[in-house]
Amino acid sequence: MDHLLMIDKVPIDESLYPKAWLVDQIIRMCKKHYARILDPSQDIYFEEDEYEVIDSKDGESVSKQKCYKIAVILDGWDHL
């Protein structure tokens with residue numbers, strides 16, 4: 001049975017967070033928590049999205065920021 005891991009509002013900034021680095025961090029996180037990913041190149045999906053940011057000074061200014069929604073298909077969990 002497959003499991004789905006969703007990561008929301010990841011900033012789109014290739015200079016700070018290149019996709020290859022994000023994929024590496026996701027794989028490391030999954031290994032740390034004993035989750036299995038069969039094929040990272042096919043089981044990690046990036047979708048572009050936007051979210052609203054409200055300026056904290058006046059509370060009314062709203063801007064849109066681009067981000068990724070990342071879906072990771074996990075094959076299961078390794079148990080100790």
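The values are calculated or read from the model by the stated rules, or taken from the named source; none is laboratory data. What you see is a predicted model; the values in this text were computed from it and never measured. Reconstructed Cβ throughout: ideal geometry from the backbone, glycine too, with neighbour counts over all protein chains shown.
Structure above, values below:
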quantity	calculated
Candidate set from segment 32-63 (those that are among the hydroxyl-bearing types (Ser, Thr, Tyr) and assigned to a strand (DSSP E or B)); member that is modelled with the highest pLDDT	TYR45
Cβ pairs under 6 Å, 6+ apart, first in segment 2-13 and assigned to a strand (DSSP E or B), second basic (Lys, Arg) and surrounded by 12 or more Cβ atoms within 10 Å (Cβ to Cβ)	ASP8/LYS69
Condition check for LEU22: of a type in the set (A, V, I, L, M) and surrounded by fewer than 15 Cβ atoms within 10 Å (Cβ to Cβ)	no
